[in-house]
Amino acid sequence: MSPLLQIAGLTAHYGDFQALFGVDLTLGQGETIAIIGANGAGKTTLMRAVTGVARVTAGAVTLAGDNITRLSAPDILVCGIAMVPEGRKLFASLTVEENLLIGAHARQGNGFWTLERVQSLFPILKERRHSPGTALSGGQQQMVAIGRALMSNPQVLLCDELSLGLAPVVIKEIYAAFPQIKSSGTSIIVVEQDIGQALRVADHVHCMMEGRITLSGRPDTLSRDAIHDAYFGVS
Ligand code: ATP
């Protein structure tokens, strides 16, 4: 069976600076993959290239057989790829519930993720539904950002550095929702600097360094040494 999302030879530039060098990656239906790597490895650029934000200069992104490489970011969202951006980027003037409902604008037809289901995934979002989104704690804001992305009923959910700046107990609480997201059939890509978390949540892990994938495999097949070398380079 062909993969849901196929990234082939993806190259991206910021001006003259090349940030991605022919990245190949596949994501199967219902699969979760993690992309790990140090600061500046190109993880966010890869997510931005897939979602139509970064400038793709070669290669292709295919979703369910359709080439979406040159579509605009709003069109890619409508096609079924939703992003939880690094830093959450909630709308400060909107309540928690309004932030969630914004996500539903890109929704196509009926799907599993309704407001009720998002609120049952993260019950605090119902309790605090009338609060300004930005009045919540960092972890709760991250739940709003995940819920907002799910409200578009995506085929693919991209999560960029969910754990950044959050306490370990809060990170655990957020990732505890992932089995439920996964069992809804949503395919997931998480970008993580937290290697332990990436290994726990993913079916497949890919390590990036300097704009290239340097190691790929199932978490149980990757040794600590191999991950260390792929993450930091072999000196
Ligand atoms: P981090 O964990 O710090 O977000 P990352 O792995 O996501 O790191 P990217 O943010 O994708 O890495 O950055 C990849 C490379 O592209 C880095 O060298 C970075 O300096 C460069 N870069 C990122 N954004 C821009 C930009 N807007 N303009 C120019 N260069 C950029």
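The values are calculated or read from the model by the stated rules, or taken from the named source; none is laboratory data. Just so it is clear, the structure is predicted and the values come from calculations on it, not from any experiment. All Cβ positions, even for glycine, are placed from backbone atoms using ideal geometry, and neighbour counts span all protein chains on display. For accessibility, only protein heavy atoms count, side chains too; no ligands or nucleic acids. Shrake-Rupley method; radii C 1.70, N 1.55, O 1.52, S 1.80 Å.
Do we have residue 15 as within 16 Å of the ligand (Cβ to nearest atom), without any contact (Cβ under 8 Å) to a residue 12 or more places away in the chain and either in contact with a Lys or Arg (Cβ under 9 Å, 6 or more places away or on another chain) or open to solvent by 20 Å² or more (accessible area, probe 1.4 Å) (or both) here?
Here the answer is yes, as residue 15 does meet what is asked.
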Condition first: part of a loop (DSSP other than H, G, I, E, B), without any contact (Cβ under 8 Å) to a residue 60 or more places away in the chain, within 16 Å of the ligand (Cβ to nearest atom) and surrounded by fewer than 18 Cβ atoms within 10 Å (Cβ to Cβ). Can you find one or more residues in the range 134-147 that meet it?
no
Residues satisfying the stated conditions in the range 18-31, i.e. surrounded by fewer than 23 Cβ atoms within 10 Å (Cβ to Cβ) and of a type in the set (Val, Ile, Thr):
26
Which condition breaks for residue 185 when tested against (1) on the phi > 0 side of the Ramachandran plot; (2) open to solvent by 60 Å² or more (accessible area, probe 1.4 Å)?
(2)
Filtered residues of the range 1-12 (kept if of a type in the set (S, T, N, Q) and open to solvent by less than 30 Å² (accessible area, probe 1.4 Å))
11
Could you grab me the full set of residues in the range 153-182 that are open to solvent by 20 Å² or more (accessible area, probe 1.4 Å) and away from the ligand (no atom under 16 Å from the Cβ)?
153, 155, 167, 168, 169, 170, 172, 173, 176, 179, 180, 182
Identify, from the list 94, 100, the residue that is free of Cβ contacts under 8 Å to residues at least 40 places away in the same chain, within 30 Å of residue 127 (Cα to Cα), open to solvent by less than 60 Å² (accessible area, probe 1.4 Å) and in contact with a helix residue (DSSP H, G or I) (Cβ under 7 Å, 6 or more places away or on another chain).
94
Of the residues that sit in the range 64-89 and are within 16 Å of the ligand (Cβ to nearest atom) and either more than 15 Å from residue 154 (Cβ to Cβ) or of a type in the set (Lys, Arg) (or both), which one is most open to solvent (accessible area, probe 1.4 Å)?
89
Hey, among the residues in the range 34-63 that are open to solvent by 50 Å² or more (accessible area, probe 1.4 Å) and over 23 Å from residue 218 (Cα atoms), which one's farthest from the ligand (Cβ to nearest atom)?
57
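Any residue in the range 123-136 that is polar (S, T, N, Q) and under 29 Å from residue 45 (Cβ atoms)?
Yes, that holds for at least one residue.
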Just give me the residues in the range 148-202 being in contact (Cβ under 8 Å) with a residue 24 or more places away in the chain, among the polar types (S, T, N, Q) and not in a loop (DSSP other than H, G, I, E, B), in sequence order.
180, 187, 197
The range 207-235, subset part of a strand (DSSP E or B) and in contact with a strand residue (DSSP E or B) (Cβ under 7 Å, 6 or more places away or on another chain), residue surrounded by the most Cβ atoms within 10 Å (Cβ to Cβ):
207
Only one residue in 90, 158 is farther than 27 Å from residue 26 by Cα and within 17 Å of the chain's Cα centre (by Cα), so which one is that?
90
